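Undergrad: Just passing along the structure, written as structure tokens.
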Amino acid sequence: MKKYLIIVGLFLLVGCGQEAGSHSDISDEINNHLGIAPYLPEIDDPIGHVHVEYSPEFEDGEPINGEPFQATVEYKVSLDEKVDEEFKESWEEINPRREIIYGELYKDRTAVMVRVSKGSGEIQGAKTIEFKNHDVRYQLIERETKTVFMLINFEDIGYEIQYRTEENDIEEEAKAFAKDIINNND
């Protein structure tokens, strides 16, 4: 009986020390839906939610969700204020091809948004910069706030990044974020 209690106690201690919804758990969940396991950098801003988008298909003349083709990861400035149930229902109605697979919707501002998909993409008008012999499509948009758009393509996965933090060194932070992804995909 003592051995049993010690083993149960150890499991509780180990389980309590683990962070719920770690980035690797989120990557595994994306892999379950898309068949790709993206590397998700750990930054100061927490992940608020992840949703998967499905291609439309028709069955008996009615639109249904087809195969998932991309996942969107939203890093939020904070997780202080969840949206209310009415907003969530409206979001689900407006976005019938999207399914939240991790987290909740929050009112807090999005700091970084990462879309991952099988294959590659393009950003029109972006310049190409190189990190560690890897091409990154890069574009800085300055309006009320600065946003850095980046596209990183690998053989089996593409990352589209919108980096929107309000820091003075947004370009350097965004480049560090991209370098972290490249270092963990090579």
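Since every read-out is calculated from the coordinates, none of them should be taken as a lab result. The shown structure was predicted, so the numbers you read here are calculated from the model rather than taken from an experiment. All Cβ positions, even for glycine, are placed from backbone atoms using ideal geometry, and neighbour counts span all protein chains on display.
Undergrad: Quick check on the exposure proxy: order 113, 150 from fewest to most C-beta atoms within 10 angstrom. Before the final figure, lay out the partial values.
TA: Numbers: 113 16, 150 24.
So the ranking, lowest neighbour count to highest, is 113, 150.
Undergrad: Over the Cα atoms of segment 80-186, what is the Rg over Rh ratio if Rh follows Kirkwood?
TA: Rounded to two decimals, Rg over Rh is 1.02.
Undergrad: Please tell me which of these pairs span more than 32 angstrom C-alpha to C-alpha: 88/118; 118/146; 82/132; 82/175; 88/179; 76/179? The partial results should precede the final answer.
TA: Working: 88/118 28 Å; 118/146 28 Å; 82/132 39 Å; 82/175 30 Å; 88/179 34 Å; 76/179 20 Å.
The answer is 82/132; 88/179.
Undergrad: Comparing 131, 154, 58, which has the greatest mean-square fluctuation in the GNM of the chain with Cα pairs linked when under 10 Å apart?
TA: Highest fluctuation of the listed residues: 58.
Undergrad: Per DSSP helix of 4 or more residues, -39500 (n - 2.57); summed, then divided by the residues of the chain. What does that give at 222 nm, rounded to the nearest 500?
TA: On the way: 4 runs with 52 residues, N = 186.
The helix contribution divided over the chain gives -9000 deg cm²/dmol.
Undergrad: Within segment 52-77, name every residue whose backbone N is under 19 Å away from a label modeled 7 Å from Cα of residue 25 along the Cβ vector.
TA: Answer for segment 52-77: 52, 72-76.
Undergrad: Using alpha-carbon pairs under 8 Å, 6+ residues apart, how would you state the relative contact order of segment 19-183 in percent?
TA: Details: 320 pairs, mean separation 31.4, N = 165.
It comes to 19 percent, rounded to a whole number.
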